[in-house]
1. With the requirement that a residue be of a type in the set (Lys, Arg) and more than 28 Å from ASN26 (Cβ to Cβ), what does the stretch 81-135 give you?
2. Determine if the stretch 151-163 includes at least one residue that is in a loop (DSSP other than H, G, I, E, B) and under 25 Å from ASN50 (Cα atoms).
3. If SER77 satisfies all but one of (1) free of Cβ contacts under 8 Å to residues at least 24 places away in the same chain; (2) part of a loop (DSSP other than H, G, I, E, B); (3) more than 20 Å from TYR171 (Cβ to Cβ), what's the number of the condition it fails?
4. Any chance you could count how many residues in the stretch 203-237 are β-branched (Val, Ile, Thr) and either touching a Pro at 6+ places or on another chain (Cβ under 6 Å) or closer than 18 Å to THR167 by Cβ (or both)?
5. Does the stretch 101-129 hold any residues that are more than 16 Å from ligand 2 (Cβ to nearest atom) and not in a helix (DSSP H, G or I), and which are they?
6. Residues that are within 16 Å of ligand 1 (Cβ to nearest atom) and either among the acidic types (Asp, Glu) or surrounded by 15 or more Cβ atoms within 10 Å (Cβ to Cβ) (or both): does the stretch 106-126 have at least one?
7. Residues of the stretch 91-141 being within 17 Å of CYS55 (Cβ to Cβ) and among the hydrophobic types (A, V, I, L, M, F, W, C), which ones?
8. Within the stretch 41-87, can you find the residues that are within 18 Å of the chain's Cα centre (by Cα), within 16 Å of ligand 2 (Cβ to nearest atom) and not aliphatic (A, V, I, L, M)?
Amino acid sequence: MSLLTQFETEQLRSILRTSNYWATFNRNRYPEQIQNAIDNIYQWVECSCNDDCECKNHGCTHHLIRNHDVKFDKLYSHFLNCYVDVRAHDVVREGRTKGRGSNAVIATDYIRTMWEIIQAEEVRGFQKSLICTNWECKPFINISESFQPAGENIYLAKWLSLLSLGTYIAYDNSSVGLLNRDFDNPRTYRELIRKIRGDLITHLTENQINITDFCLSDNPSEFFQNIPVNNPRPIGNILDKLYLVL
Ligand SMILES: [Zn+2]
Ligand SMILES: [Zn+2]
């Protein structure tokens, strides 16, 4: 039992609407920054999975794939814009390893050391989404298994999410508490994502809704007029917003 299995799509649509409304008060204007990241570092490509892939059971037509020519510094700017409060950008860029912003610095340093692996063709071009049968690729399995969903490592989840917006889910200090409760205190972030994936698939099946229509239940354009209505809605980001409500 979780939010995804207990609530119908219409109810989730209403929660997402509330979430987008509150985001207008967010200093970073989070939905707009996610949109910029999609426009600048992703491509929306036709689903190339075989018919026996789970995503095809749910009417998948497109996936978000990271561009091949993105440099770390560009990703880093998007990471700050999307996920770090604008007031903390300077201390994070200075590399402060104690106090406010230090967890973002530590997570960023870790990702930087992994950059060559993360940007390798077989990782960057891994064309799967959260609901695909084989939804994980190697380096992300290792990273997602290395930490528990908890307040001190919100930035690792945020980095994974930015690197794979169709799969990984960012969380915040408050939403991680809800996620842990809702998914029975998973031991690792990987286990959390696996459980959410299972419940999302249950939700799609029980509500008889395909993944495209599910994603359209998030409509940030209503409150953010410069986000085009037909822009891709990343699965990971939608699930993040569902729990960002409180
Ligand atoms: Zn697909
Ligand atoms: Zn697939």
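1. Within the stretch 81-135, ARG124, LYS128 qualify.
2. Initially, the stretch 151-163 is screened for residues in a loop (DSSP other than H, G, I, E, B), giving none.
Checked against the condition, which is being in a loop (DSSP other than H, G, I, E, B) and under 25 Å from ASN50 (Cα atoms), the stretch 151-163 yields no hits at all.
3. All conditions pass for SER77, except number (2).
4. The number of residues fulfilling the criteria is 4.
5. GLY101, MET114, GLN119, ALA120
6. yes
7. PHE126, LEU130, ILE131, CYS132, TRP135, CYS137
8. Listed by number, the residues that qualify are TRP44, CYS55, CYS60, HIS62, HIS63.
The values are calculated or read from the model by the stated rules, or taken from the named source; none is laboratory data. Predicted model only: the values in this text are computed from it and were never measured. We place every Cβ from the backbone using ideal geometry, glycine too, and count neighbours over all the protein chains shown.
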